[in-house]
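Nothing in this text is a laboratory measurement; each read-out follows from the coordinates by a stated rule. Predicted, not measured: the structure shown is a model, and the values here were computed from it. Because the Cβ atoms are built from the backbone with ideal geometry, glycine has one as well, and the counts that use them run over all protein chains shown.
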Amino acid sequence: MSDCKKVLLLGDSRRMGYEPFVREKLSGRAEVYGPHENGRWAGYTLNSLRFWLNEFPVPDIVHWSCGLWDLGDDYNLGRPFSLPEEYESAVERTVLVLRKLFPGVKIIFGTTMPVGDSDSTGIRSYNAIMARVAEKEGIPVDDLFALMHDKMKTYDRGDGLHLNDEGNNMVADQVVSAIEKYL
């Protein structure tokens, strides 16, 4: 497996759901790994990189998807956990850190998928921020939101947030397709 590309998956608990499927689909062609914990919001992932990256080999490819936690109003303050400008800064800084530590790394952004029956306006706006950073930085965007927009009810694990195995398999197919361009 030493000749295989190293693929780092970063993201929240949804990433943890599709990661085993990505690993299986790329078996023999890439070594896939990711943190054993939820990446939560973009700033948390950015801060945690300094701890997580010591646990893994140097990545050739990073697929990164954070945003849902950034939108949460966990303390009922009437605002998202990360304001749009904070989210944009964390996304930009994550790119800077990854490129500084791993020159030549291929980064792919995965958009935030919708949730249950909720209004997707906030998710769309944060995905637009991610897309703006991606365009500025020359990073491809894997549109997981578009893939799952009309499918969340069908593949919901029952909590309005996470996917069942069939849904995770579908998302993994798209993530693998985005990664395969760099294998």
May I ask you to sort T112, T121 by Cβ crowding, counting other Cβ atoms within 10 Å and putting the fewest first? T121, T112
Inter-probe distance in nm under a simple model that places probes 7 Å from Cα toward Cβ, at R79 and R124: 2.4
Which order do peptides 160-171, 48-59 fall in by mean Cβ count within 10 Å, highest first? 160-171, 48-59
Take each of the peptides 91-100, 9-18, average the number of other beta-carbon atoms within 10 Å over its residues, and list them starting from the highest. 9-18, 91-100
Name the long-range amide H neighbours of V62: under 5 Å, sequence gap of 5 or more, or other chain; modelled H, no Pro or chain starts. L8, K106, I107, I108
Tell me the net charge near K151. Cut-off is 15 Å between Cβ atoms, K151 excluded, with +1 for each Lys or Arg and -1 for each Asp or Glu. -4
Please list 3J(HN,Hα) in residue order for the range 50-56, calculated via the Karplus relation 6.51 cos²θ - 1.76 cosθ + 1.60 where θ = phi - 60°; whole Hz, with x for glycine and proline. 5, 8, 5, 5, 5, 8, 10
